[in-house]
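Enquirer: Pasting a structure here, questions to come.
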Amino acid sequence: VSCGPEHAAAVTAHGQLYCWGNGDRGRLGIGSEVDAWAPQQVADLAGKRIVQVACGTVHTLALTIRGELFVWGGARSGKLGLGGVGFCDTFVQKTRSGQPFVPRPKSVSALAAMHVTHVAAGRAHSLAVTEQGALYTWGCGKDGKLGHGGLQAEWLPRRVSSMLTVAVIQASCGREHTSAVTSAGWLFSWGRGARGKLGVGSEEDIDRPARVTSVPGPAHQVSCGRHHTLAVVGRKAVSNEAVALYERQLQTVLL
């Protein structure tokens with residue numbers, strides 16, 4: 001399950017996706033802006049086996065068992081990863097205020113050749129982790145939360161180059177910052193540093209991933225809130241055998 005500020009989504013054991021809540025800007029993926037007071041199946045993905053869903057503020061991401069990424073909802077600042085103005089003029093609807101949005105799931109073609117294993121969505125940016133451990137971010141670049149060394153927006157998924165030498169296994173988007181965990185158990189954070197949410201000992205903004213060295217052991221999972229971050233750490237990392245067993249059990253359920 002995943003919750004945004006005004007909508008929620010859930011994946012069933014059989015890989016079906018349901019959304020409900022505020023339908024503004026098509027964030028429910030049902031083809032309209034109508035609010036849903038009860039879970040509505042995302043019909044366009046009925047033939048796919050969904051394994052993860054991530055709700056942003058006004059957009060949603062869904063990942064299939066084959067590593068395909070689908071997105072919908074508000075398209076402002078490129079947070080859907082579908083391209084620039086040309087895309088918006090051709091394929092999306094617009095609100096009364098002129099903001100572009102996508103009311104139904106669309107495949108992120110820029111990542112079509114890669115097997116995505118994990119996704120996350122923030123207020124105005126998104127990310128994906130591939131099977132090879134590559135981290136891609138896109139959307140609003142304010143505060144340096146994309147990790148590319150600048151503040152510009154990215155309308156297509158762009159690999160975080162400073163993470164090329166490590167394998168990312170999981171990551172999370174906050175409102176103004178981002179964090180990631182590597183296969184070695186290292187924790188990285190970047191973006192707006194106000195209120196110490198990056199965990200690096202200062203409130204300075206950081207536009208590239210910085211390692212959080214204060215954690216007492218290997219990190220296994222991280223979650224970003226609006227003004228804080230949580231990480232699960234431990235002295236002993238989960239074995240590859242345990243992960244493989246869990247994945248086999250999950251696939252058995254989905255199949």
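Enquirer: Determine which member of the set VAL119, VAL129 is under 17 Å from ALA180 (Cα atoms) and in contact with a Phe, Trp or Tyr (Cβ under 9 Å, 6 or more places away or on another chain). So that I can check it myself, show each step before the final result.
Expert: Working: VAL119 fails: in contact with a Phe, Trp or Tyr (Cβ under 9 Å, 6 or more places away or on another chain).
The match here is VAL129.
Enquirer: Take the residues of the range 18-37 that are in contact with a Phe, Trp or Tyr (Cβ under 6 Å, 6 or more places away or on another chain) and of a type in the set (Gly, Ala, Ser): which is surrounded by the most Cβ atoms within 10 Å (Cβ to Cβ)?
Expert: Step by step, filter the range 18-37, then rank; the result is GLY29.
Enquirer: Please work out which residue is modelled with the highest pLDDT, limiting yourself to the range 72-101 and to residues that are more than 15 Å from PRO157 (Cα to Cα) and open to solvent by 90 Å² or more (accessible area, probe 1.4 Å).
Expert: So, considering only residues that are more than 15 Å from PRO157 (Cα to Cα) and open to solvent by 90 Å² or more (accessible area, probe 1.4 Å), the one modelled with the highest pLDDT is LYS94.
Enquirer: Is there a residue in the range 41-52 that is touching a residue at least 12 places away in the same chain (Cβ under 8 Å), open to solvent by 10 Å² or more (accessible area, probe 1.4 Å) and within 15 Å of the chain's Cα centre (by Cα)? Spell out the reasoning first.
Expert: We begin by selecting, within the range 41-52, every residue touching a residue at least 12 places away in the same chain (Cβ under 8 Å); these are 41-46, 48-52.
Narrowing further to those that are open to solvent by 10 Å² or more (accessible area, probe 1.4 Å): 41, 43-44, 46, 48-49, 51-52.
This time we only want the ones that are within 15 Å of the chain's Cα centre (by Cα), so: 51-52.
Checked against the condition, which is being touching a residue at least 12 places away in the same chain (Cβ under 8 Å), open to solvent by 10 Å² or more (accessible area, probe 1.4 Å) and within 15 Å of the chain's Cα centre (by Cα), the range 41-52 yields at least one hit.
Enquirer: Just checking, which of ARG158, ARG208, ARG175 is farther than 22 Å from SER2 by Cα and under 15 Å from the mean Cα position of the chain (by Cα)? Show your work before the answer.
Expert: Values: ARG208 fails: under 15 Å from the mean Cα position of the chain (by Cα); ARG175 fails: farther than 22 Å from SER2 by Cα.
Within the list ARG158, ARG208, ARG175, the selection yields ARG158.
Enquirer: A follow-up question, please. Which ranges mark the strands (runs of 3 or more DSSP E) fully within the range 113-193 that have 1 or more residues being open to solvent by 10 Å² or more (accessible area, probe 1.4 Å) and of a type outside the set (S, T, N, Q)?
Expert: Details: elements: 116-121, 125-130, 135-139, 154-159, 168-173, 177-182, 187-191.
Counting at least 1 such residues, we get 116-121, 135-139, 154-159, 168-173, 187-191.
Enquirer: Out of all the residues in the range 196-216, is one or more within 21 Å of LEU127 (Cβ to Cβ), assigned to a loop (DSSP other than H, G, I, E, B) and at pLDDT below 95?
Expert: Restricting attention to the range 196-216, the residues satisfying the condition of being within 21 Å of LEU127 (Cβ to Cβ) are 197-200, 205-212, 215.
Those still in the list that are assigned to a loop (DSSP other than H, G, I, E, B) too: 197-200, 205, 212, 215.
Filter once more, so that each one left must be at pLDDT below 95: 215.
Yes; the residues of the range 196-216 include at least one that is within 21 Å of LEU127 (Cβ to Cβ), assigned to a loop (DSSP other than H, G, I, E, B) and at pLDDT below 95.
The values are calculated or read from the model by the stated rules, or taken from the named source; none is laboratory data. Quantities reported herein were computed from a predicted structural model and do not represent experimental measurements. Glycine gets a Cβ as well: all are built from the backbone with ideal geometry, and neighbour counts include every protein chain shown. When the accessible area is computed, the model is the full protein with side chains, heavy atoms only, and any ligands, DNA or RNA have been set aside. Shrake-Rupley method; radii C 1.70, N 1.55, O 1.52, S 1.80 Å.
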